[in-house]
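Peer 1: Dropping a structure here in structure tokens format, bear with me for questions.
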Amino acid sequence: MTVLILTCEQDVTADMVVARLDGTGVPVVRLDPADLPGGVALSGEFVHGSFRGHLSAGGRLVTMSGLRSVWVRRPGVPATRVAEPSAWLTEESAQALYGMLRSTGARWMNHPDAARQARHKPWQLHLAQRCGLPVPATLITTFPQAARDFAERFPDLVVKPVSGAHPQEPPRAVPTSRVAPETDFSAVAFGPTLLQRRVAKRADIRLTCVGDRFFAARKAVGQGADPEEVDVRFATSTEPWQPVETPPRVAASVHDYLREAQLAYGAFDFAEDADGIWWFLECNQAGQFGFVEIETEQPIARAVADWLAAPAPDPASPDDQVFVESVTCE
Amino acid sequence: MRPFALNYARPAQQLEVSVPYAYDSRLQLNVLPDGRLAAHDYAVLRELGATTSTAGSKTHFDD
């Protein structure tokens, strides 16, 4: 049974897992949907009440029924590396590839439906609240007056993109940034704006979850750190990421979150305040983990490889995903 | 008409740096010129920021 990894060639974080799987003898096929059709080829037939399909990439051929798991890591957009790309061909290729993969009994990290839902930050905040995680007061609005009222109630605010995406034309980054007092909120009318009470943090926490294995890492806010630098991704801090224990109450809530979201993998960001409380910021359903493993030596790649290499579910139980129980959060 | 959040945008750090490794489709791994696996050379990965939380942000939402 084969592990299928959907990612781009330059993804060296995926390399960390492929190397692990190679070491255990588990067959791996790695491909980028951007190369379909061309470097990646597929075929599937639905005949006499059954489905049989094949995938080929890099000289490897795998049957759809021979897949034990699918890791959706950093896949390119289907059919974007063909000679004559088009939106139509992309949709055709995406439907063919993902539609056939959905027809297999393979386990997913993460299933496309779960991934799509999990990317919505408003839904993340809602689910985190329901699961008992502390969430900083947040407003998402296009009403300038609502923003002004919110700023009166919570004078120390940050702004961040709702989607987490960065504009590309021209390429720009939009880090989480502090909002100065007396800011003019008129431009809130021109796009949904996410304002959040700033957590006066003493550390950033990255909690990487692989199935039911948790790896928490902590990066302290350094002495003399610029108080305007609130986004750890863009900060100039030289403080290291260090392994830390996950508080049991947080772990229980995160378990509930993952189960409800039907995620096999999630990278949670928290801000730790002066009282040691972990405030939920977001959950990246395909968040990076290589930088954490490199600094902390936590065996995250091995955990991902172990999860992917676990036996495929019994075909008689197609719903045997990692998290199938419904759960009632607090 | 600029959305409020874009008042806080800054020029993106160009990630188009040349990397000292290349993808080997036979191994399905990136390999350094001396044949070692890029994933095993933490110094190279650190220097390039290839595994950091902003790597790939251009095309993916998940940091």
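The values are calculated or read from the model by the stated rules, or taken from the named source; none is laboratory data. As the structure is a computational prediction, the values presented were derived from the model and not from experiment. Don't worry about glycine lacking a Cβ; one is built from the backbone with ideal geometry, like all the others, and counts go over all protein chains shown.
Peer 1: For segment A:206-237, enumerate the residues that are closer than 15 Å to residue A:288 by Cβ and more than 14 Å from every other protein chain (Cβ to nearest Cβ).
Peer 2: Those that are closer than 15 Å to residue A:288 by Cβ and more than 14 Å from every other protein chain (Cβ to nearest Cβ): A:210, A:215.
Each row is one residue, and each column tells you yes or no for (1) farther than 27 Å from residue A:5 by Cβ; (2) within 13 Å of chain B (Cβ to nearest Cβ).
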residue: A:92; (1), (2): no, no
residue: A:108; (1), (2): no, no
residue: A:118; (1), (2): no, yes
residue: A:121; (1), (2): no, yes
residue: A:129; (1), (2): yes, no
residue: A:133; (1), (2): yes, no
residue: A:141; (1), (2): yes, yes
residue: A:149; (1), (2): yes, no
residue: A:152; (1), (2): yes, no
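Peer 1: Could I ask something else about it? In segment A:167-194, which residues are at positive phi and hydroxyl-bearing (Ser, Thr, Tyr)?
Peer 2: Once the filter is applied, which keeps residues that are at positive phi and hydroxyl-bearing (Ser, Thr, Tyr), segment A:167-194 yields nothing.
Peer 1: Among the residues of segment A:84-106, is any part of a loop (DSSP other than H, G, I, E, B), under 30 Å from residue B:21 (Cα atoms) and under 26 Å from the mean Cα position of the chain (by Cα)?
Peer 2: No.
Peer 1: Among the residues of segment A:169-190, write down those that are part of a loop (DSSP other than H, G, I, E, B), within 27 Å of the chain's Cα centre (by Cα) and at the interface with chain B (Cβ under 8 Å from one of its Cβ atoms).
Peer 2: Listed by number, the residues that qualify are A:170, A:174, A:175.
Peer 1: Please go through segment A:8-44 and give me each residue that is more than 10 Å from chain B (Cβ to nearest Cβ), over 12 Å from residue A:55 (Cβ atoms) and in contact (Cβ under 8 Å) with a residue 60 or more places away in the chain, ordered by number.
Peer 2: A:24, A:26, listed by residue number.
Peer 1: Going by what's in this entry, would residue A:307 be described as within 26 Å of residue A:131 (Cβ to Cβ), aromatic (Phe, Trp, Tyr), away from chain B (no Cβ under 14 Å) and not in a strand (DSSP E or B)?
Peer 2: When the stated conditions are applied, residue A:307 passes them.
Peer 1: Also: For segment A:224-244, does any single residue satisfy the condition of being in contact with a Leu (Cβ under 8 Å, 6 or more places away or on another chain) and part of a strand (DSSP E or B)?
Peer 2: For segment A:224-244, residues in contact with a Leu (Cβ under 8 Å, 6 or more places away or on another chain) and part of a strand (DSSP E or B): absent.
Peer 1: List the number of the failed condition for residue A:52; all other conditions in (1) of a type in the set (Lys, Arg); (2) under 23 Å from residue A:286 (Cα atoms); (3) in a strand (DSSP E or B) hold.
Peer 2: Status for residue A:52: all satisfied but (2).
Peer 1: May I pose another question? Quick check on segment B:17-40. Is at least one of its residues more than 7 Å from chain A (Cβ to nearest Cβ), at pLDDT below 75 and surrounded by fewer than 19 Cβ atoms within 10 Å (Cβ to Cβ)?
Peer 2: Yes, the conditions are met somewhere in segment B:17-40.
Peer 1: Still on this structure, I have one more. Can you name the residue in segment A:248-276 that is surrounded by fewer than 14 Cβ atoms within 10 Å (Cβ to Cβ) and either outside the structural domain of residue A:212 (by TED's automatic domain parsing) or touching a strand residue (DSSP E or B) at 6+ places or on another chain (Cβ under 9 Å) (or both) and, of all such residues, is farthest from residue A:201 (Cα to Cα)?
Peer 2: Top of the filtered list is A:276.
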